[in-house]
1. Spelling out what I want: for every residue of the range 124-138, take phi, set θ = phi - 60°, compute 6.51 cos²θ - 1.76 cosθ + 1.60 (Karplus), and round to whole Hz; glycine and proline get x.
2. About the Cα centre of the chain, how large is the charge dipole given +1 on each Lys and Arg Cβ and -1 on each Asp and Glu Cβ? Please answer in debye to the nearest 20.
3. Given H placed 1.01 Å from N in the peptide plane, which residues other than close sequence neighbours of residue 275 have an amide H under 5 Å from its amide H?
4. With each label point set 7 Å from Cα along the Cα-Cβ vector, what nm distance links residue 429 and residue 310?
5. To make sure I understand, if each residue's beta carbon is the centre and we count other beta carbons within 10 Å, what order do 110, 139, 126 fall in, fewest to most?
6. One-quarter of the Cα convex hull surface for the range 26-159, in nm²?
7. Using θ = phi - 60° and the Karplus relation 6.51 cos²θ - 1.76 cosθ + 1.60, list the HN-Hα couplings for the range 202-217 in order, rounded to whole Hz, with x at every Gly or Pro.
8. Could you tell me which of the pairs 27/255; 27/499; 394/499; 128/267; 181/255; 267/304 are separated by over 25 angstrom between their Cα atoms in the structure shown?
Amino acid sequence: MAAEPVGRQKQSHAGNATYCGGMTTQKIIDSPRTLVADAARAAASIAADLTWVPNPGYFTRREPLATGRVALLSGGGSGHEPLHAGFVGAGLLAGAVPGLVFTSPNALQIRAATAAVHAGGGVLHIVKNYTGDVVNFSIAADFAADDGIDVETVIVADDVATESEDGPGRRGTAATIAVEKICGAAAERGDSLSDVAALGRRVADNARSMAVAFRACTVPGADRPSFDLPDGEIELGVGIHGERGTDRVAALPAKELAAALMDPILKSLSLADGGEVIVIVNGLGATHPLELNVLFGNAADYLKGRGIRVRRVLVGTFVTAFDMAGASITLISSTDDMLELWDAPTSAPGWPHAPSKEFSGLQDVADDVAALNYTDETDANPSVTSWATRFVEKVLGSVDELTDLDRSAGDGDFGTNMRAALDGVTIGADDSPSAVFRRIADGYLGSAGGTSGALFGVWFHQFDVALGSSGVTTDALADAARDGMAAIVDLGGAAVGDKTMVDAIAPAVSALESARAQPLAEALRSAAGAARSGADSTSDLLGRRGRASYVGDAARGVVDPGALVVAWLFEEAAEAFGES
């Protein structure tokens with residue numbers, strides 16, 4: 001009997017919810033802003049070996065590791081559950097750090113979690129290859145070194161849909177759980193940090209994935225899906241942050257779908273007759289177990305026909321794209337030592353057959369507001385205060401505009417990140433220029449998360465440093481802008497022409513460098529004009545860094561929102577100092 005086509009039918013819905021293409025956008029939430037924290041404290045109350053630390057936000061095991069053991073820490077944006085918190089437990093992760101939905105955790109969260117799980121044997125960071133995750137874990141690893149903690153990092157880059165010679169490379173997706181499971185078992189038996197890291201890199205290097213969507217996800221707070229997908233069509237090569245795919249085709253029977261997903265995987269891994277694999281068939285959030293089993297059955301038949309032996313199988317929902325209807329297939333070219341560790345026991349609740357516990361009540365809500373000291377001996381500067389206040393108000397008043405731009409040029413989280421960074425920033429009339437920019441930098445580093453939070457945070461940190469040591473001068477602002485751009489380029493690897501904030505920063509830096517002998521107000525007017533021209537130029541560019549690189553031509557004609565925010569920064573500076 002022929003397999004039925006894989007697809008979705010429209011359904012009628014009752015009630016007063018908002019609808020998008022037959023799909024309700026109503027969610028079981030109190031507020032999009034508190035969703036992650038609300039879910040986290042409930043999840044920790046259910047699991048036998050899980051604790052939620054709300055400030056700054058991470059999970060650890062209740063039972064500490066044995067002294068001298070290697071600790072595994074992973075994390076990323078929420079919306080992928082049960083990844084990562086579901087894999088915290090004996091034989092797997094020691095901790096997990098969640099960001100906002102589809103947004104990486106920030107460096108301060110990761111630093112605190114690294115210190116919390118450290119048991120003397122060092123900490124292994126397992127990081128999905130998304131720019132925000134890589135940047136924030138990199139910053140946190142540097143901080144951990146300052147704290148005297150040995151850290152190794154394994155980058156998981158398995159999505160063949162984004163395999164290319166340039167750009168950020170393959171995204172990190174469902175192979176992450178294989179790296180976590182195998183490395184977790186190695187750490188549990190007492191392997192050294194260097195050995196566990198080497199093993200993790202070997203697993204990651206031998207793993208590839210490919211995903212398909214039948215319906216895009218709708219994230220909490222959004223009024224429509226991440227992309228439109230007509231009935232009767234499927235999207236091949238989608239990402240786990242709601243990114244559209246690389247190919248759109250008519251719905252395929254399950255047998256043909258399995259082949260379409262695995263062919264590029266087999267090519268990338270150079271798997272042929274005689275190969276041995278671990279197979280993971282993973283649901284993306286709204287796919288029924290019956291469908292996942294059908295997909296695996298066809299995948300197994302296809303691999304048998306190619307002479308490839310399936311050694312281990314994992315079928316279920318492990319790495320989701322919130323409520324996306326779809327699935328992914330992951331193949332790991334396996335060895336006997338990997339299989340031994342794959343089979344080792346674990347108590348992590350997200351892994352099959354994990355134990356449960358008697359419900360003992362919810363964790364008390366904790367006060368997670370940290371008091372920060374911004375006092376120093378430098379006098380306040382009214383123009384800087386006005387500048388920063390104008391900038392914060394401008395960005396907060398433009399969140400919807402920034403979100404719409406990022407929906408076209410990225411994944412739609414930029415406006416949310418800007419609001420998260422600046423919503424709690426209060427600039428006092430007595431704050432020194434250094435303190436003003438420290439507040440803004442800490443807002444980005446401590447609250448925003450994602451690529452934008454990390455990069456804007458290190459950018460504003462340089463203004464804090466320069467203005468604290470040199471006062472408010474053209475030279476000081478030129479130095480801050482130059483050093484901030486260097487830090488951004490070092491972390492993110494972007495260059496002029498990549499359709500990022502650097503396209504606005506670089507011309508502003510050049511203008512300030514050329515205007516060092518000019519009065520500050522004139523220099524800032526030049527920088528503002530240059531930054532605006534640079535931001536406008538991004539409309540014609542094709543993204544080569546960050547998530548804009550994944551949507552290709554769809555981002556043409558759209559100004560990069562990060563570059564636009566940089567232009568606003570210098571425009572508000574020119575206005576504030578012009579008035580003075």
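1. In residue order, the calculated couplings are 9, 8, 10, 10, 6, 7, 10, 4, x, 5, 5, 5, 5, 5, 5 Hz.
2. Values: 44 positive and 75 negative charges, 313 e Å.
With only Lys, Arg, Asp and Glu charged at Cβ, the dipole is about 1500 debye.
3. Amide H to amide H, under 5 Å and 5 or more residues apart or across chains, residue 275 pairs with 309.
4. 7.2 nm
5. Numbers: 110 32, 139 20, 126 29.
With the fewest neighbours first, 110, 139, 126 line up as 139, 126, 110.
6. On the way: hull surface 32.5 nm².
Value for the range 26-159: 8.1 nm².
7. 5, 5, 4, 5, 9, 10, 9, 9, 8, 10, 9, 10, 9, 7, 5, 7
8. From 27/255; 27/499; 394/499; 128/267; 181/255; 267/304, over 25 Å: 27/255; 27/499; 181/255.
None of the figures in this text is laboratory data; all of them are computed from the coordinates on show. As the structure is a computational prediction, the values presented were derived from the model and not from experiment. Every residue, glycine as well, gets a Cβ built from its backbone with ideal geometry; the counts of neighbours run over all protein chains shown.
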